[in-house]
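Novice: Take a look at the following structure, please.
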Amino acid sequence: MKLDAKTPSGPLAEKWDKHKFEMKLVNPANKRKFTIIVVGSGLAGGAGAASLAELGYNVLCFCYQDSPRRAHSISAQGGINASKNYQNDGDSDYRLFYDTIKGGDFRSREANVYRLAQVSSNIIDQCAAQGVPFAREYGGLLANRSFGGAQVSRTFYARGQTGQQLLLGAYSALSRQIGRGQVKMFPRTEMIDVVVIDGRACGIVVRDMVTGKINSYAADAVVLATGGYANVFYLSTNAKGCNVTAAYRAYKRGALFADPCFTQIHPTCIPVSGEYQSKLTLMSESLRNDGRIWVPAKADDSRRAADIPEGERDYYLERKYPSFGNLSPRDISSRSAMEVCDEGRGIGATGRGVYLDFADAIGRLGEDVIRERYGNLFHMYEKITGENPYLQPMHIYPAAHYTMGGLWVDYNLESTIPGLFVVGEANFSDHGANRLGASALMQGLADGYFILPYTIGDFLGRSGPSGIGTEHGEFGNVESETKERTERLLTIGGKQTVDSFHRELGKIMWEYCGMTRNEAGLKKALEMIPVLRDRFWQDVLVPGVGEELNQSLERAGRVADFLEFGELMCHDALNRTESCGAHFREEYQTEEGEAVRNDKKFTNVSAWKFEGADTSPSLHVENLEFENVHLATRSYK
Amino acid sequence: MNLTLFVWRQKDAEDKGRMERYEAKEINSHMSFLEMLDVVNEDLTEKGQDPIAFDHDCREGICGTCSLMINGTAHGPEPGTTVCQLHMRHFKDGDAIYIEPWRARAFPVIKDLVVDRTALDRIMYSGGFVSVNTGVTVDANAIPIPKSESDKAMDASSCIGCGACVASCKNASAMLFVAAKVSQFAHLPQGKVERTSRVRSMVAQMSAEGFGGCTNFFECEAVCPKEISVDTIAKLNREYMMARIKVK
Ligand SMILES: Cc1cc2nc3c(=O)[nH]c(=O)nc-3n(C[C@H](O)[C@H](O)[C@H](O)COP(=O)(O)OP(=O)(O)OC[C@H]3O[C@@H](n4cnc5c(N)ncnc54)[C@H](O)[C@@H]3O)c2cc1C
Ligand code: SF4
Ligand code: FES
């Protein structure tokens, strides 16, 4: 299959305008004749559904939570980037584009990233107009801060609750359309499969999570805005419900899955405290501005932090990366923490933790200044761990956080199934091998507010209505498959709970396809996952029945998909014989432990095509061209 | 530690429901309250019993999904904390803990501890927004907003829509929730144009959904995990009064 990215010709800065002009329009009177399904009501889905409804399309919007306002986007803390240059510090569309391409280690598409930078300013205007209470200066203008190593202050924020406020903005736009009847909202409804007829996405099959009924919905186009899959690791910073089902089902129906092995590991999370642990909590990266990261110099040092003298501590980031020190990028900081723990120098009950120490900063600036800067974070840490970080250093450890891989989409955000569009974290498009801070919120809203409404119009204008309703036999077929699968899960009647399988899978993924990977480990995982999957289908215990609210059944369906998807991730990681960004293959590193890319072979996107249950997926490659930024090595020494 | 739990079990909306007793054994004090329930559920599942259904998602105190009445208090004993952020170190070995769903006419029970809170969404759909289409906005800095006003808007808009205020109010009033939203927009220039219609429709929808009126018990403020102040209710009342005068 040839992957055609459909990137418009012409100079980088003019591509989007040119494309917008060339796209087909749908006559306003005809828009109401089209129905669009949007699965997901996070930043990408909520913004998309509202904007499409404003244009006059009929929109059906689905989410698994009880309300669209609870989508996982709500938990983003740090901020959102935009190239407004309000601070007059030299920011521009080009600089935001450049930073994002470089941050992604040259594994993303230039034209998409440039467009993202171009529309970033509109996002801030849009949100401010909706009443999003961004932080402000005393003069009444918007405040900015710097984030994630950028040298300009381009991050907009709303206290530590930026994701919440942006999502409430999108939710209010969506509410307005729901109130008008232009969007029909289906909360507590999980999409289980997509229906493809004559090569076009024609609708979806869902499970009503309250009654358990399986239903079908038809539409002229389907949008997946279903978020990321970091929960394949079981423990992650994601909400408990986040899953890969929608994307994975689309993959099984013919959509290609791109770069699944690119997952970001965030360096500053509260470490795991025991087997019972259900999720990991992120501590904002901003703490690294003043906190110093260290471990004991000797292995198996069980003394309390305060009893370890300065000379017997190893401030390993400051030692290895003198110019960036504790502010080294996420992938580098995460890997370094893992290394020292592997050497037996990790701290805490599990040995999987490092200190984030504020003693020096408190000595230098006083406790009040630290309280002023990080008070709420310290409070949250104390709430979770029961320890006072003013008196003793925090314990932190890396955790799975964000997934850069996703369904392959072209410049129009359309997957390889015509009529199936993918936006936000669910697609692969803009972050390459490494996502910078404050860029996911930007991408979700850019896709939803400013790109999708144009490109979907173009699709509908060209293709016309699908003319297919749920009475078409294929809907019935997919419904039956769905019911059979549910029935099968409920009747296995084994001994092991769904969560225990998920935990086992998570351990395999974290160990062999986590922060670092190597050939032997990946091959081992590829042997272990099918065995675990077989055991799951023979021994899982799903209580209850299908026709009711059944949370074990919901989780079982998601874990079943993770059990297949994990294997795809390992395939991808094994295939990519280079290190880039967050994908670190141990075989490809310099003597000092830095990532070594293979630009000759891998300046590309690996997109996988499902070839049947017992066959390996086939690989299709989109070559990336860098016409505007020169390929260069990232260095943080 | 070992605990005795009394948990509300109710098969579906039609079922009458009853308290059932469970033992939670060897609970680690580092667990969150929901992790403790996870452990109990794993145990029940293995024993072939139906696990306890409860709502949750982010487990970080921000999505507003979790909703448990613990020993008669919405979100449990710690002030300013959602249940997902409540840790077992706040309980003692041997404690008996009563766990019930949110109770309010407008929040019917779906199963066990899961209730239907879509009434809050319908209040929002009736007018909890600024009417602005995508892509027709002016530059964000074209409308300066005094920091103090913007901060007040932010205080109000940190409401997570959990419904604890409703569940703990004797009248099952949704006043604090509505007040938070109305107050957010009342502090911003963007919200001013629709202030009359907004407050009228939201208050009307609130009554239509079967939420009671506010008679100043202030239980809502006491349990709100985001510490939304009852001052917002005063603001709502002022907005509502002005709206009524305008209409007459
Ligand atoms: C703790 C944390 C902090 C973060 N902080 C930042 C930050 O400061 N800045 C930044 O830029 N990014 C941040 N991120 C990343 C960012 O929040 C996410 O990448 C982004 O919000 C994803 O948005 P989305 O709309 O693509 O998906 P989501 O918000 O995850 O929405 C997914 C939607 O899909 C629905 N859904 C999923 N599957 C199904 C299904 N099968 N059927 C029906 N519905 C389904 C869900 O119900 C939900 O509505 C953070 C992430 C985390 C976890
Ligand atoms: S006002 Fe407080 S208690 Fe009520 S819904 Fe909002 S956050 Fe929950
Ligand atoms: S689960 Fe999200 S607030 Fe508790």
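The values are calculated or read from the model by the stated rules, or taken from the named source; none is laboratory data. Fair warning: this is a prediction, and the values are worked out from it, not measured in the lab. Note that we place each Cβ from the backbone using ideal geometry, even for glycine, and neighbour counts take in every protein chain shown. Accessible surface areas use protein heavy atoms only, side chains included; no ligands, DNA or RNA. Shrake-Rupley method; radii C 1.70, N 1.55, O 1.52, S 1.80 Å.
Novice: Using a 10 Å cut-off around each Cβ of peptide A:74-82, what is the average number of partner chain Cβ atoms that fall inside?
Specialist: What the average comes to for A:74-82 is 2.
Novice: Still on this structure: Evaluate the relative contact order of chain A (contact order divided by residue number), counting alpha-carbon pairs under 8 angstrom at least 6 apart; express in whole percent.
Specialist: On the way: 1361 pairs, mean separation 127.4, N = 637.
Answer for chain A is 20 percent.
Novice: Okay, next question. Estimate the FRET efficiency between residue B:14 and residue B:197 by the formula 1/(1 + (r/R0)^6), using the beta-carbon distance for r and 51 Å for R0, to the nearest 0.05.
Specialist: Calculated value: 0.85.
Novice: What residues in the range B:58-105 lose 10 Å² or more of accessible surface when the other protein chains are added to their chain alone (1.4 Å probe)?
Specialist: B:58, B:59, B:60, B:62, B:63, B:65, B:80, B:81, B:85, B:87, B:89
Novice: How far is helix B:231-247 tilted off the main Cα axis of chain B, in degrees rounded to 10, range 0 to 90?
Specialist: Orientation of helix B:231-247: about 40 degrees from the principal axis.
Novice: About the Cα centre of chain A, how large is the charge dipole given +1 on each Lys and Arg Cβ and -1 on each Asp and Glu Cβ? Please answer in debye to the nearest 20.
Specialist: Details: 72 positive and 79 negative charges, 240 e Å.
For chain A, the charge dipole is close to 1160 debye.
Novice: Can you pull the percent of Cα pairs in the range A:348-482 with separation above 26 Å? Each step should come with its number before you reach the end.
Specialist: Values: 5053 of 9045 pairs.
That tail contains 56 percent of the Cα-Cα pairs.
Novice: Taking 35 Å as R0, compute the FRET efficiency from the Cβ-Cβ separation of residue A:630 and residue A:524 and round it to 0.05.
Specialist: 0.40
Novice: Please identify every one of the GluC sites (Glu not before Pro) in the range A:404-498 that sits in a loop by DSSP and has no more than 14 other beta carbons within 10 Å of its own beta carbon. Write down the numbers at each step before the final one.
Specialist: Numbers: sites: A:414, A:425, A:471, A:474, A:479, A:481, A:484, A:487; in loops: A:471.
When the GluC sites (Glu not before Pro) of the range A:404-498 are filtered for loop state and at most 14 Cβ neighbours within 10 Å, A:471 remain.
Novice: Starting from 0.36 nm per residue, how many nanometres of slack lie between residue A:619 and residue A:480 once their C-alpha separation is accounted for? Display every interim value, and only then the final one.
Specialist: Details: separation 139, 0.36 × 139 = 50.04 nm, distance 3.03 nm.
Here the answer is 47.0 nm.
Novice: Give me the extension gain from residue A:487 to residue A:4: residue separation times 0.36 nm, minus the current Cα-Cα distance, reported in nm with one decimal. It would help to have the intermediate numbers written out before the result.
Specialist: Numbers: separation 483, 0.36 × 483 = 173.88 nm, distance 3.97 nm.
Fully extending the segment from residue A:487 to residue A:4 adds 169.9 nm.
Novice: On to the next question. Quick check: from the Cα gyration tensor, does the range B:68-200 come out rounded (a/c under 1.5), prolate or oblate? All intermediate terms of the calculation are to be shown ahead of the outcome.
Specialist: On the way: a/c = 2.97, a/b = 1.94, b/c = 1.53.
Prolate is the answer for the range B:68-200, as a/c is 1.5 or above and a/b outweighs b/c.
Novice: Further question: Place +1 on the Cβ of every Lys and Arg and -1 on the Cβ of every Asp and Glu in chain B, take the dipole about the Cα centre, and give the residue among B:224, B:63, B:75 whose Cα lies farthest towards its positive end.
Specialist: Towards the positive end, the residue furthest out is B:224.
Novice: What's the ranking of A:617-630, A:152-165, B:48-61 by average number of surrounding C-beta atoms within 10 Å, highest first?
Specialist: On the way: A:617-630: 14.3, A:152-165: 23.1, B:48-61: 21.5.
Ranked by mean Cβ neighbours within 10 Å, highest first: A:152-165, B:48-61, A:617-630.
Novice: Residue A:313's amide H: which non-local residues (gap 5+, or another chain) put their own amide H closer than 5 Å, with H modeled 1.01 Å from N in plane and none for Pro or chain starts?
Specialist: Long-range HN contacts for residue A:313: A:297.
Novice: Relative contact order, percent, of the range A:489-546 when contacts are C-alpha pairs under 8 Å separated by at least 6 residues?
Specialist: Numbers: 54 pairs, mean separation 39.0, N = 58.
About 67 percent, as a whole number.
Novice: OK, next. With a probe of 1.4 Å, find how much accessible area the range A:315-419 has per residue, and write the answer as a whole number in Å². Could the numbers behind the result be given before it?
Specialist: Working: 3820 Å² over 105 residues.
Each residue of the range A:315-419 exposes 36 Å² on average to a 1.4 Å probe.
Novice: State the extension gain, in nm to one decimal, for the chain segment bounded by residue A:392 and residue A:596, taking 0.36 nm per residue of separation less the distance between their alpha-carbons. If you can, show how the numbers build up before the last one.
Specialist: Numbers: separation 204, 0.36 × 204 = 73.44 nm, distance 3.76 nm.
Length gained between residue A:392 and residue A:596: 69.7 nm.
Novice: Now for a different question. So for the protein assembly as shown, considering every pair of alpha-carbon atoms, how many percent are separated by more than 47 Å?
Specialist: Working: 70094 of 391170 pairs.
Roughly 18 percent, once rounded to a whole number.
Novice: Now for a separate question. Do any trypsin sites (Lys or Arg not before Pro) in the range A:1-99 lie in a loop, going by DSSP, with at most 13 other beta-carbon atoms within 10 Å of their beta carbon, and if so which?
Specialist: Numbers: sites: A:2, A:6, A:15, A:18, A:20, A:24, A:31, A:32, A:33, A:69, A:70, A:84, A:95; in loops: A:2, A:6, A:24, A:32, A:33, A:84.
When the trypsin sites (Lys or Arg not before Pro) of the range A:1-99 are filtered for loop state and at most 13 Cβ neighbours within 10 Å, A:2, A:6, A:24, A:32 remain.
Novice: Which value, in square angstrom to the nearest 100, describes the accessible area buried between chains B and A on both sides, using a 1.4 angstrom probe? All intermediate terms of the calculation are to be shown ahead of the outcome.
Specialist: Details: alone 12940 and 24840 Å², together 31730 Å².
Buried surface at the B/A interface: approximately 6100 Å².
Novice: For every other residue with a beta carbon closer than 14 angstrom to the beta carbon of residue B:206, add +1 if it is Lys or Arg and -1 if Asp or Glu, then tell me the sum. Spell out each step's value before the answer.
Specialist: Details: positive: B:105, B:117, B:122, B:181, B:198, B:200; negative: B:121, B:209, B:239.
With Lys, Arg at +1 and Asp, Glu at -1, the net is +3.
Novice: Separate question: Just from its helices, what would the mean residue ellipticity at 222 nm be for chain A, if runs of 4 or more DSSP H residues each count -39500 (n - 2.57) and the sum is divided by every residue, rounded to the nearest 500 deg cm²/dmol? The partial results should precede the final answer.
Specialist: Numbers: 18 runs with 231 residues, N = 637.
Value at 222 nm, helices only, nearest 500: -11500 deg cm²/dmol.
Novice: Against the longest alpha carbon principal axis of chain B, how many degrees, from 0 to 90 and to the nearest 10, is the axis of helix B:147-157 turned?
Specialist: Approximately 40 degrees, to the nearest 10.
Novice: When only C-alpha pairs under 8 Å and at least 6 residues apart count, what is the relative contact order of the range A:1-146, in percent? Don't skip to the answer; put the middle values down first.
Specialist: Numbers: 126 pairs, mean separation 24.3, N = 146.
With pairs under 8 Å counted, the relative contact order is 17 percent.
Novice: By its C-alpha gyration tensor, with a ≥ b ≥ c as the square roots of the eigenvalues, how is the range A:233-285 shaped: rounded for a/c under 1.5, else prolate for a/b larger than b/c, else oblate?
Specialist: prolate
Novice: Let me ask another. Out of the total accessible area of the protein assembly as shown (probe 1.4 Å, heavy atoms of protein only), what percent is carbon and sulfur?
Specialist: Carbon-and-sulfur percentage of accessible area, whole number: 49.
Novice: Shifting gears a bit: Quick one: helix A:519-539 against the long Cα principal axis of chain A, what's the angle to the nearest 10°, folded into 0 to 90?
Specialist: Roughly 60 degrees, rounded to the nearest 10.
Novice: Here is a follow-up. Using the heavy atoms of the protein chains alone and a 1.4 angstrom probe, what is the accessible area of the range A:86-203 per residue in square angstrom?
Specialist: On the way: 3430 Å² over 118 residues.
On a per-residue basis, 29 Å².
Novice: Okay, moving on. How much area per residue is accessible in the range A:511-637 when the probe is 1.4 Å and only protein heavy atoms are counted (Å²)? Mind dumping the intermediate values first?
Specialist: On the way: 5540 Å² over 127 residues.
With all protein chains present, the range A:511-637 gives 44 Å² per residue.
Novice: Next question, about the same structure. Hey, with R₀ at 25 Å, roughly what FRET efficiency would residue A:364 and residue A:327 work out to, going by the Cβ-Cβ distance, to 0.05?
Specialist: 0.90
Novice: Roughly what would the spin-label model give for residue A:535 and residue A:318, points 7 Å off Cα along C-beta, in nm?
Specialist: 4.5 nm
Novice: While we're on this one: Which of the lysines could be linked to residue B:147 by a straight reach, that is with a Cα gap under 26 Å, when you skip same-chain ones fewer than 8 residues away?
Specialist: A:84, B:181, B:192, B:226, B:235
Novice: Cα-based Rg (one decimal) and Dmax (whole number) for the range B:14-123, in Å?
Specialist: Cα only, the range B:14-123: 14.1, 43 Å (Rg, Dmax).
Novice: Distance in nm between label sites at residue A:98 and residue B:238, each 7 Å beyond Cα in the beta-carbon direction?
Specialist: My value for the distance between the label points is 5.0 nm.
Novice: Can you list the residues of the range A:533-563 whose accessible area drops by at least 30 Å² going from the chain on its own to the full set of protein chains, with a 1.4 Å probe?
Specialist: At a threshold of 30 Å² (probe 1.4 Å), the residues of the range A:533-563 that become less exposed are A:541, A:543, A:548, A:549, A:551.
Novice: Let me ask you something else. Is chain B best put as rounded, prolate or oblate by its Cα gyration tensor, with a ≥ b ≥ c the root eigenvalues, rounded for a/c under 1.5, and otherwise prolate when a/b is larger than b/c, oblate when not?
Specialist: On the way: a/c = 2.39, a/b = 1.97, b/c = 1.21.
Prolate is the answer for chain B, as a/c is 1.5 or above and a/b outweighs b/c.
Novice: Which value, in debye to the nearest 20, describes the size of the charge dipole of chain B about its Cα centre when Lys and Arg Cβ atoms bear +1, Asp and Glu Cβ atoms bear -1, and nothing else is charged?
Specialist: Working: 29 positive and 33 negative charges, 305 e Å.
With only Lys, Arg, Asp and Glu charged at Cβ, the dipole is about 1460 debye.
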